[in-house]
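Structure first, commentary second.
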Amino acid sequence: MSLKDISAKLQDYQDRLKQGKADKIEPKHVEKIIAKLAAKESELLSELETVTKEGKRERLEKKLETLRSGQAKAKWLLEQI
Amino acid sequence: MKRLLLPVILGILITGFWISPDFQVIAAGVAIFLFGMLMLEDGFKLFSGGFLERLLARATGSTLKSLGFGVLTTTIMQSSSLVSVITISFLSAGLISLAAGVGIIFGANIGTTTGAWLVAGFGLKVKISAYALPMLAVSIVLVFQKSKFLRGIGFVLAGLGFLFLGIHYMKEGFEAFKDQFDLTRFAMTGLAGLVVYTLVGAAATVVMQSSHATMVLIITALAAGQISYDNALALAIGANIGTTITAIIGAMTANFQGRRLALAHLVFNLVTAGVALALISPLREAVDWISAGVGIAPDDFALKLAVFHTIFNTMGVAIMLPLMRRLIAFLERTIAEDLPDVSRPKYISDAIEGFPAAVEIALRKEVGHLHENAIELITHGLNLHRHDLYEAPDIERYVAQARRPFDMDIDQAYEQRIKVLYGAIVEFVTRVSTGRMPADTIEYMHKLREAAERMVWAVKEVKHMRGNTSHYTSEDHGVVTDAYNTLRTEIARIVVEYHKMSLVDPDARSSLWLEEERARVKRDKRATSNLVEDLMRDGGMSAHAGTSFTNDASYAYRAMKDMLEAARIFFAEVEGPLTEVERMLTLDEDELDDDQVDRQAVNSGAAS
């Protein structure tokens, strides 16, 4: 997901918020999600240390990559909120 | 009996109206009082949507906490019936333990005695209607407000206004009635008086469905000198027995736990009544002694009745509290746990309707129950054991070794384990959504229904691919077996991810953890399709096997997608703002397509 995608979603959220159709997001809410992603990241890193099988390593690395991409978007969102 | 009750009550009322106009005033007073109680209950239900239920849910820490909570809520709400019914609904939904439920019911019996104090100490001493009328006028303004909170206050205020007005009319009616009739002529003394008036008190409460209303009637009649003090004591004991009918009716649609609680209520009130009847003389003396100690006039029988009501209910709790464990054991022995029929709903029932938080929790648990059944069927359909799978250090290897087909009729299993349960969930959501549920609860219920639906679809997809999967994986068919094992492995990995998510504390997990799995399904699907084409082109896979596999791969990837969607919805945040954040960070379907296919990586996975 590119920043453009999340930016469009943010705009949609702000429109809904103005119409009273969305709950207001505060920084603590985004921080909570970031913390959950970080918890999963450290769990995956620990698992990665013990894994030797190539296929499994690849899957874990790819999962980490997707997770970090999500974290980056969440951090961007935190700045916007 | 039930058919006769209504004509009998109506007959009594009409005869009473014909004999005495004052009887009309008393009957209207009772009616207005009961109407007030209904409004009070409606008002407190409007505060729900969580508030009341969250408070109840917290009262599970210890027996004393539950007891205190029962006292407090019943004192505030002035309705032990409402507290009992909500407690039964929460117990049925599996939100509180039986011990906590019993503690709350014990406390409610003490809390309900405050009603007698309010009427005897305040209702009879001041011109209560002077408060009632302004309360009603203000309440109606609030009832028409948009805000649920203000409407709730309006209903509570109106409820209290009608309670006061009802008391006023009962008081007026008895005052006027005594000039025409002397009910004390029917006073009975001795054991006969005790028994007869206890039965009358119980019957009156069963008819009115409110011990509070019976107590007010007794107190106002006593204050007007229409019944003797001794008979009033027996009537109060009877009211305590009669009030159990509300919990019994409430438990009729509840599960075994709800029925146990109703039995606990009955046992408690019968034991308390029995002890009170046996010790009526010492109790009378204790009332006189306490009344003198707190400055109640010897002839203020209304207040002395309130003292008696409190003493005998508190005594009941003092007797039963040390026997709590034995009582629970007795309840568990007498009402056996419903047979663990996994095909039937375990949590959703009529008993929880009307309480949004209980509905949400019970429905969530029921969907979890359906998911559990579905995952069992999906794994068995692929000839895999769930628990072995969860323990397997290498999923791919475990799947390759699991070659023995399960002896099962998957169509029959689907009908029994999935369809019945899913039907019950859909029926429940449809029925409850049309009630007075808050909009966010209805939205959440529909999301949960979708989570159930997606998992059901996944089972259906696996059902379709089971035949060929068993055929090609029970014996070695070279690359075809490898290809089918790849599909089984990919589904198995999603099952394991679901299981891992279910083990994490709801407050610590995020459905965003499944984003990579969602993207991977898309990548794997494309990679598998390419791989099969290559194999068919090279002659490694026959056209017949290739066609079968292509169809089954299509079922498999749809099953994976549905399972992940079911998990994403089921494990999603439930708190509004967190849901918004999660929604923004979740990849849309078209965003998943944007990812480039990592051919090399996927090929290595598919061919392994």
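Selection within the range B:113-158: residues that are closer than 30 Å to residue B:236 by Cα and modelled with pLDDT of 85 or more. The member of this set that is surrounded by the most Cβ atoms within 10 Å (Cβ to Cβ) is B:113.
When the residues of the range B:432-468 are filtered to those that are β-branched (Val, Ile, Thr) and modelled with pLDDT of 95 or more, the one that is surrounded by the most Cβ atoms within 10 Å (Cβ to Cβ) is B:462.
Among the conditions (1) open to solvent by 60 Å² or more (accessible area, probe 1.4 Å); (2) modelled with pLDDT of 90 or more, residue B:565 misses just one, which is (1).
Looking at residue B:402, is it over 18 Å from residue B:349 (Cα atoms), over 35 Å from the mean Cα position of the chain (by Cα) and open to solvent by less than 60 Å² (accessible area, probe 1.4 Å)? It is true that residue B:402 is over 18 Å from residue B:349 (Cα atoms), over 35 Å from the mean Cα position of the chain (by Cα) and open to solvent by less than 60 Å² (accessible area, probe 1.4 Å). The condition (being of a type in the set (Asp, Glu), within 14 Å of chain A (Cβ to nearest Cβ) and open to solvent by 20 Å² or more (accessible area, probe 1.4 Å)) is satisfied by just one residue among B:394, B:407: B:394. Summed over the range B:466-508, residues that are out of contact with any Gly (no Cβ under 9 Å at 6 or more places or on another chain) and within 14 Å of chain A (Cβ to nearest Cβ) total 15. Being assigned to a helix (DSSP H, G or I) and in contact with a Ser or Thr (Cβ under 8 Å, 6 or more places away or on another chain) is the requirement here; does residue A:36 meet it? Yes, satisfied. Scanning the range B:18-44 for residues that are hydrophobic (A, V, I, L, M, F, W, C) and open to solvent by 80 Å² or more (accessible area, probe 1.4 Å) turns up B:18, B:19, B:35, B:38.
Residue pairs whose Cβ atoms lie under 7 Å apart, sitting 6 or more positions apart in sequence or on different chains, and linking a residue in the range B:337-355 that is among the small types (Gly, Ala, Ser) to a partner that is at pLDDT 75 or above, are B:343/B:416; B:343/B:417; B:343/B:420; B:343/B:421; B:351/B:88; B:351/B:258. Of the numbered criteria (1) at the interface with another protein chain (Cβ under 7 Å from one of its Cβ atoms); (2) open to solvent by less than 50 Å² (accessible area, probe 1.4 Å); (3) farther than 28 Å from residue B:490 by Cβ, the one residue A:32 fails is (2). If you go through the range A:39-81 and pick out every residue that is under 26 Å from residue B:506 (Cβ atoms) and outside any helix (DSSP H, G or I), you end up with 1.
Helices (runs of 4 or more DSSP H) fully within the range B:83-161 that include at least 1 residues being under 30 Å from residue B:268 (Cα atoms) and in contact with a Lys or Arg (Cβ under 8 Å, 6 or more places away or on another chain): B:98-111. Within the range A:1-29, the set of residues being part of a helix (DSSP H, G or I), of a type in the set (Asp, Glu) and facing chain B (nearest Cβ under 9 Å) comprises A:5, A:12. Of the residues A:39, A:8, the single one that is loosely packed, with under 14 Cβ neighbours inside 10 Å, out of contact with any Pro (no Cβ under 9 Å at 6 or more places or on another chain) and aliphatic (A, V, I, L, M) is A:8.
Where helices (runs of 4 or more DSSP H) fall entirely within the range B:197-251, those with at least 2 residues that are at pLDDT 80 or above are at B:211-223, B:229-242.
The values are calculated or read from the model by the stated rules, or taken from the named source; none is laboratory data. What you are looking at is a predicted structure, and each value in this text was computed from that prediction instead of being measured. Note that we place each Cβ from the backbone using ideal geometry, even for glycine, and neighbour counts take in every protein chain shown. For the accessible areas, the whole protein counts, side chains as well, though only heavy atoms, and no ligand, DNA or RNA atoms are used. Shrake-Rupley method; radii C 1.70, N 1.55, O 1.52, S 1.80 Å.
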